[in-house]
Amino acid sequence: METETLTADVLVVGGGTGATAAAIQAARRGAKTVLVSEFAWLGGMLTAAGVSAPDGNELLAFQTGIWGAFLNALQQRQGGSLDNAWVSFFTYEPRVGAAIFTDWVRALPNLHWIAGKVPRDVVRQGDRILGVRFDDFTVHAGITVDGTELGDLLALGNIPYRWGWEDQAMFSEPSAPQSLTNPNDPLHRIIQTYPVQAPTWVVVLQDVGEGHIAPKISPTVNYDPSQFQGAWEGYGAEAFLNYGRLPKHQFMLNWPQQGNDYGVNLQRLLAGESAWKAWATEAIAHSQNFAAYLQTAFGERYGLATGAFPAPLAGQLGGGAFALHPYYRESRRLVGMTTVTELDILPQPEGQVAALPINEQGEMSAIAIGNYPNDHHYPGFAMPLAPKSLRWGGRWTGTPFALPYEALVPAAIEGFLVCDKNLSVSHIANGATRLQPTVLGLGQAAGMAAALCIEHGCQPHSLSVQALQTALMNDPDAPMAIVPLFDNLPQTSDWRSRQQHYQKHPESYPISGHGDTFLPPDWGLSKTATAVVSSFQGILNRRINGENWQAQLEISASCTLDLVTLHPAINHQLQRLKNHQKTTVVGVPNWAAGWLRVMKIT
């Protein structure tokens, strides 16, 4: 059978979080780009996998690049507030996020998107990747970018990769096991049970309202309600539901404690199509059983949100109330020019930020940032990890880190980049680098790098990292930060100059992550819909227990809200306001979380 042959400057395979950003950025830069996705929705974790409560990069200073543009678009399109849940400051309908990415892609005449296709083979000549074959067409490209959920091109192209755990001898990581085989190692049972972190097949519940009855959720034949008992222990039923509350009285179920993480026989993820489908069928059934358990526990007003996702394409699973594909927390991971380890993401001694990455040429090589705490999912086990959090803005957040360009580039293969959870990272560090905003940043960097390689007629190995950094910071559509600074807010006059300073002088990067500039505290009001911003007056109360400080506003005898913020100036103010004083606060209330996101204090 004859197949069609397409040519492109840049080929991006996969429609996930990183792939979508990579394709958009490459095309915006001017490269002739082909994007081939398996699913009809773009955005991966943020949309098709149903994780519409993204974690990390929440502070205003970290809302840059395509991630910041996505948040702005959500605010404009969804209407109302994104403050609906307590797990994230941004929750939205998955279909709204998917529509944003679709519109961005279709607005680019040099970006050709083909949906419903999976890669079958990688075209390789010696140590250079030339393109990818699909069922009925082949794409030849100058640069190929792997944005698949499980790093499929790494396996198809025989590109060296890692899968699963490394011991301490490999990278000297404090949280890694001493041995992968010693039964006396404290982590031995986890290692034996879970080769990688457990994925989740997200399902969305719908509250049809008091006095109404939702259709019954039928459990599967393997239903065992005992496995879900204790799901909200320590939280309470209301807080459990509000964890992933979405607009329109819907609830995202992505719950780790006696919930719908599913990690049974995870070796099947890489064991071929039939083995994967067997695992996926079980994972969907597990989430359906969890939903049935919740309907029994909470009442018949809670049913499946059958319109949350579209019907799947032929041969696919999921759809309706179930995400189109699993939320994978781990992938095959490239063996790159460098490997990001736990040591690269932990804060420096006495500091609040990780050191900036420096490559073998002595250049600061950061191209994306993250700030999530290291978080691993192994149902039934607690995973001890080196601390990576700090108290900021009235709540706990993760300490920031920057990721190097060399982690996107294979050690010895040309014509190829990665852009998702398949970057060159250790199993332990993956717990912090896998989060959605960070992966968007990795995708944007990979897309820009691919386009620059075409412009300069070079391969990824020889691309100037400083040229890439400058292009990302100066992008006309979505300029992106490469250095994490708590008080360097985008769209302010010195944002770019401060980024450039640490690009050129990484040795002066403060271990606090803070400079001396505190900007006007009303910056950011214009980014939030005025309809959801309110003014509250009450008595300010502050509790201090070491680093664990909390400010509250007592509005009345029956109403007290925690005060939280994403703004560095407000963070500064909240720690220094006088206790028990009458205060007026402007912000966005989140009744599900019991907090007020403060944007101005008067």
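Looking at the chain, the pairs of alpha carbons with a distance over 33 Å make up 43% of the total.
Rg then Dmax, both in Å and based on the Cα atoms of the range 393-521: 15.7, 49.
Between S274 and A411, the C-beta separation translates, for a Förster distance of 51 Å, into a calculated FRET efficiency of about 0.95.
Around the amide H of W392, modelled in the peptide plane, lie the amide H atoms of T397, all under 5 Å away and 5 or more residues distant in sequence or on another chain. For the chain, the dipole from Cβ point charges (+1 on Lys and Arg, -1 on Asp and Glu) about the Cα centre works out to 1120 debye, to the nearest 20.
Remark: spin-label model distance D185-K248 equals 4.7 nm, labels positioned 7 Å along the Cα→Cβ axis. A full extension of the chain between Q491 and H461 corresponds to an added length of 7.6 nm, given 0.36 nm per residue minus the alpha carbon distance.
Treating r as the C-beta distance of D121 and I555 and R0 as 60 Å, the FRET efficiency rounds to 0.45. Please report the antiparallel percentage of DSSP beta bridges with both residues in the chain, rounded to the nearest 5. Antiparallel bridges: around 70 percent, rounded to the nearest 5.
Dipole of the chain computed with +1 at Lys/Arg Cβ and -1 at Asp/Glu Cβ about the Cα centre; of L540, Y243, P219, farthest Cα towards the positive end is L540. For the chain, the solvent-accessible area of protein heavy atoms averages 37 Å² per residue (probe radius 1.4 Å; ligands and nucleic acids excluded). Computed packing ranks the peptides 390-400, 470-480 as 390-400, 470-480, most packed first, by mean other Cβ atoms within 10 Å. Taking a ≥ b ≥ c as the square roots of the eigenvalues of the alpha carbon gyration tensor, the range 1-66 is oblate, as a/c is not under 1.5 and a/b does not beat b/c. The label point for N72 and the one for H140, both projected 7 Å from the Cα toward the Cβ, are 4.0 nm apart. Using the alpha carbons alone, the radius of gyration of the range 78-122 stands to its Kirkwood radius in an Rg to Rh ratio of 1.16. Express in whole angstrom the spacing between the alpha-carbon centres of the range 83-146 and the range 172-205. One Cα centre to the other: 30 Å. Scalar couplings 3J(HN,Hα) for the range 200-213, obtained by applying the Karplus form with A = 6.51, B = -1.76, C = 1.60 to θ = phi - 60°, are 9, 9, 5, 10, 10, 8, 10, 8, 7, x, 4, x, 10, 10 Hz; x denotes Gly and Pro. Ligands, DNA and RNA left out, the accessible area of the chain computed with a 1.4 Å probe is 49% carbon and sulfur.
Using the Cβ-Cβ distance between L577 and E4 with R0 = 56 Å, the FRET efficiency computed as 1/(1 + (r/R0)^6) comes to roughly 0.30.
A helix-only calculation puts the chain at -7000 deg cm²/dmol for mean residue ellipticity at 222 nm, using -39500 (n - 2.57) for each DSSP H run of at least four residues, averaged over all residues. For the chain: lysine pairs with Cα atoms under 17 Å, gap of 8 or more or different chains, count? Total qualifying Lys-Lys pairs in the chain comes to 4.
Length gained on full extension, R391 to A237, computed as 0.36 nm times the residue gap minus the Cα-Cα distance: 52.8 nm.
The values are calculated or read from the model by the stated rules, or taken from the named source; none is laboratory data. Everything quoted here is computed from the prediction, not taken from an experiment. Here Cβ is always computed from backbone atoms with ideal geometry, including for glycine, and neighbour counts include all displayed protein chains. Only protein heavy atoms, including side chains, enter the accessible area calculation; ligands, DNA and RNA are left aside. Shrake-Rupley method; radii C 1.70, N 1.55, O 1.52, S 1.80 Å.
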